[in-house]
Amino acid sequence: MSKKRWLIVPLCVVLCSQGSFAQTLTRKVLGINEMFRLADENSQSIQTYKTGKEAADEALKAAKSQRLPDISASLSFSYLGDGYLWDRDFKNGQNIPMPHFGNNFALEAQQVIYAGGAISSSITLAELSQQMAALDWQKNRQEIRFLLTGYYLDLYKLNNQVQVLQKNLDLTEQVIRNMEARRTQGTALKNDITRYELQLQNLELKRTSTTNKLNVLNHELVTTLGLEEGIRIVPDTAYLQHQLIEERAEKEWSEGIQEAPVMKLADIEIALSKNQKNLIKAERRPHISFSITNEFTGPILVEVPPLNNNFTYWFMGVGVSYNIDALFKGKRK
């Protein structure tokens, strides 16, 4: 063996040791559909967008609840001290006994009749936000799937490269053995053997580099899919070899592009801007509401001396409110 080979072998041993742990990993044959299912369940990125979608669903329910009437009730008890009465010049003062126990109960219901379109625009805004959150989730899901598919196909390619390199290594070692046998017979030179020995070391370095790339890709897949450490993912070669790529017409591709989440998100952003203008216009319109109230209180303190009685009454009416400042603020908005 030449001096060059003795110098290269230790380096190869060190590099090969970095990828030797791959042999201790548990092999798991994984198909693309199963990989997508694991990503949907365990990918932190997908789960984050899924949570945002669920939050948008609840926000839409909250926006629709604005159409329901507002109902409030209050109940209070109090202790009243005695009063004191005197003339306007603060003379002739006298103590006024008061009933000491006081109570109050109020029930009020209010229904918005007209809000200038603010409620409808708020609901539309929540619906568009819900659609945007759903599309963000779909878009992120597609991006994760594209990324995983790239990793998956790279694993398949690198595994094939390792097999090819291993076969080339075996052939080169066989050639070296044959050359050494020929050298002993005097039909081959030392330089010929050295050339193949260098070729062998180059192949070993390429195999080590390819194995390291495999380890990195495997780690990325295992982390994204939420699998346990120590698993070596093996692509399902039978599944990949039997996949048929269907030819699609140009019209079908165009329709598919229009259905893409990115295109839909652009349309929703335009609709959001238009809806925002409707909300601003609603501020420049009057708000009309209908309300009904019932009061139950005691004692009656508007009389002197006070009456130790309970008094109840109810009323209903229509209220109109208008923000005058919207006339000059709304234009700027």
Helices (runs of 4 or more DSSP H) lying entirely in the stretch 239-333 (those with 2 or more residues that are open to solvent by 90 Å² or more (accessible area, probe 1.4 Å) and modelled with pLDDT of 75 or more): 261-282
Residue 149, sole failed condition from (1) touching a Lys or Arg at 6+ places or on another chain (Cβ under 9 Å); (2) modelled with pLDDT of 85 or more: (1)
If we scan the stretch 147-165, do we find a residue that is within 30 Å of residue 59 (Cβ to Cβ) and hydrophobic (A, V, I, L, M, F, W, C)? yes
Quick one: in the stretch 179-208, which of the residues that are touching a residue at least 40 places away in the same chain (Cβ under 8 Å) and among the hydroxyl-bearing types (Ser, Thr, Tyr) is nearest to residue 167 (Cα to Cα)? 208
If you go through the stretch 283-300 one residue at a time, do you hit one that is without any contact (Cβ under 8 Å) to a residue 60 or more places away in the chain and among the β-branched types (Val, Ile, Thr)? yes
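Could you look through the stretch 20-47, keep only residues that are in a helix (DSSP H, G or I) and open to solvent by 90 Å² or more (accessible area, probe 1.4 Å), and pick out the one that is modelled with the lowest pLDDT?
Of the residues in the stretch 20-47, the ones in a helix (DSSP H, G or I) are 20-24, 32-42, 44-47.
Next cut, open to solvent by 90 Å² or more (accessible area, probe 1.4 Å) only: 21, 23-24, 33, 37, 41, 44.
On the way: 21: 42, 23: 48, 24: 59, 33: 84, 37: 88, 41: 87, 44: 86.
So the residue we want is 21.
The values are calculated or read from the model by the stated rules, or taken from the named source; none is laboratory data. Not measured: the values here are computed from a predicted model. So basically every Cβ, Gly included, is an ideal-geometry build from the backbone, and we count neighbours across all protein chains shown. Side chains are part of the model used for accessible areas, which takes the heavy atoms of the whole protein and leaves out ligands, DNA and RNA. Shrake-Rupley method; radii C 1.70, N 1.55, O 1.52, S 1.80 Å.
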